[in-house]
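Taking it in order: structure first as structure tokens, then the write-up.
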Amino acid sequence: MARILITTDYLVPGDDIDKLLHRHGHETIFAPFTAARESSQQDALLSGFDGAIIASEPVTAKMLAAAPTLKILARSGVGYDSIDIPAAAALGTRVCNAPGTNHHSVAEMVIGLIIMSARRLAEVTTGVQQGRWPREAGHELQGSTLGIIGYGPSGRATASLGIALGMRVLVSTAHPDSNNNGVQFTDLDTVVRDADYLSLHTRGGQGIGRLMDESRLRAMKPTAVLINTARGSLVDEGALATALSDGTIAGAALDVLESEPLPGDSPLRGLDNVLITSHLAGQTIEARRRAGLAAAQAVIDVLENREPAHPVDL
């Protein structure tokens with residue numbers, strides 16, 4: 001019997017993922033990641049386990065070195081920036097993610113954030129709750145330009161929804177698709193300059209750094225809105241706060257941040273032209289189940305000496 005650690009906070013004892021692992025003869029131990037752990041607890045988190053299904057908490061070389069029996073780390077999501085992949089590879093610990101499980105959820109969230117920004121819904125609903133009756137004039141999406149940076153599953157799904165809404169869709173990607181169905185592929189600078197709504201769908205890390213820094217924010221239209229559901233590391237939050245305050249851009253909608261939860265001293269606090277959500281874009285009930293099952297299957301495959309479907313350690 002293998003011991004499997006599960007830290008993803010929405011996975012719980014008795015759910016489909018737990019039942020699947022038990023059917024394959026494994027013991028599950030739940031330690032949900034809801035906030036930063038004490039350093040000693042974090043360092044020993046993986047010790048004594050054969051496999052782990054993890055959320056987005058950091059997995060360091062020190063943690064991996066303390067877990068000599070660990071054979072597989074499975075992310076119940078797409079991103080794996082928080083895992084020390086070289087350290088895992090050096091120890092022979094497989095690392096997998098769960099791509100293609102939440103891209104529809106992410107795309108729907110992007111469009112929802114765009115509509116909220118375009119129609120100023122946060123200001124309107126807050127005003128009504130406060131006893132006022134605001135009659136804000138927003139913007140139609142039809143005929144506006146949706147800029148997308150990155151064209152993986154969530155970028156593609158977002159592009160399809162944008163086209164369905166009558167938007168002109170510009171995409172910057174290293175992998176253009178010949179079957180674009182109305183998407184226009186162009187360079188990054190053009191997408192940033194021409195977008196009315198600029199949505200990020202590219203990975204962080206790997207030398208990308210702050211994709212949206214002061215210079216790129218200043219290259220956007222003053223009427224444009226930045227949407228980030230990808231990685232908090234892609235946006236210079238200090239520069240963004242300045243750009244929002246001085247009217248360089250009209251607004252922003254952020255589902256991911258450099259530090260989560262949003263720190264009390266963040267320069268983004270108190271700004272009325274930024275929408276901030278709590279890393280929810282991929283967190284529908286349907287997507288969570290798909291991602292959890294994919295992670296559990298990766299654990300099962302590795303422990304039963306099969307090649308997992310989505311390794312990221314090669």
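The values are calculated or read from the model by the stated rules, or taken from the named source; none is laboratory data. Since the model is a prediction, treat every value here as computed from it, not as a measurement. Heads up, the Cβs are rebuilt from the backbone with ideal geometry, glycines too, and the neighbour counts pull from every protein chain shown.
Number of residues in region 284-314 that are surrounded by fewer than 16 Cβ atoms within 10 Å (Cβ to Cβ) and without any contact (Cβ under 8 Å) to a residue 60 or more places away in the chain equals 5. Within region 78-89, residues that are closer than 24 Å to R290 by Cβ have Cβ atoms under 7 Å from residues that are surrounded by 17 or more Cβ atoms within 10 Å (Cβ to Cβ) and basic (K, R) in these pairs: G79/R231; D81/R231, counting only partners at least 6 apart in sequence or on another chain.
Among the conditions (1) surrounded by 15 or more Cβ atoms within 10 Å (Cβ to Cβ); (2) closer than 30 Å to A35 by Cβ, the only one that V191 does not satisfy is (2).
Among the residues of region 221-279, those identified as among the acidic types (D, E) and within 16 Å of R210 (Cβ to Cβ) are D236, E237, E258.
Quick one: in region 229-274, of everything that is polar (S, T, N, Q) and under 23 Å from G150 (Cα atoms), which residue is nearest to the chain's Cα centre (by Cα)? So, considering only residues that are polar (S, T, N, Q) and under 23 Å from G150 (Cα atoms), the one nearest to the chain's Cα centre (by Cα) is T229.
Please determine whether any residue of region 143-156 is surrounded by fewer than 16 Cβ atoms within 10 Å (Cβ to Cβ) and either of a type in the set (F, W, Y) or not in a strand (DSSP E or B) (or both). Yes, that holds for at least one residue. For A252, the requirement of being farther than 30 Å from L21 by Cα, crowded, with 21+ Cβ neighbours inside 10 Å, touching an Asp or Glu at 6+ places or on another chain (Cβ under 6 Å) and modelled with pLDDT of 95 or more is not met.
Return the only residue of E258, E304 being at pLDDT below 95 and charged (D, E, K, R). Working first, answer last.
Numbers: E304 fails: at pLDDT below 95.
Step by step, each of E258, E304 is checked, and only E258 is at pLDDT below 95 and charged (D, E, K, R).
Scanning region 1-49 for residues that are of a type outside the set (G, A, S), in contact (Cβ under 8 Å) with a residue 40 or more places away in the chain and in contact with a His (Cβ under 8 Å, 6 or more places away or on another chain) turns up R3, I4. The single condition among (1) in a loop (DSSP other than H, G, I, E, B); (2) modelled with pLDDT of 95 or more that M63 does not satisfy is (1). When residues in region 85-127 are screened for being in a helix (DSSP H, G or I) and hydroxyl-bearing (S, T, Y), 4 of them pass. When region 21-55 is limited to residues that are closer than 24 Å to G92 by Cα and among the charged types (D, E, K, R), the one that is modelled with the lowest pLDDT turns out to be D43.
Looking at region 157-195 only, could you name the residues that are on the phi < 0 side of the Ramachandran plot and modelled with pLDDT under 95?
A174, H175, P176, D177, S178, N179, N180
Contact annotation: residue pairs with Cβ atoms under 8 Å, 6 or more positions apart or on different chains, pairing a residue in region 118-145 that is closer than 19 Å to L165 by Cβ with a partner that is at pLDDT below 95 and among the acidic types (D, E), are R119/E136; R120/E136. Considering (1) modelled with pLDDT of 95 or more; (2) loosely packed, with under 15 Cβ neighbours inside 10 Å; (3) within 30 Å of H310 (Cβ to Cβ), the lone condition that T223 does not fulfil carries the number (3).
Look through P68, P58 and report the one residue that is exposed (fewer than 13 other Cβ atoms within 10 Å of the Cβ) and closer than 21 Å to P86 by Cα. None of the others qualify; the one that does is P68.
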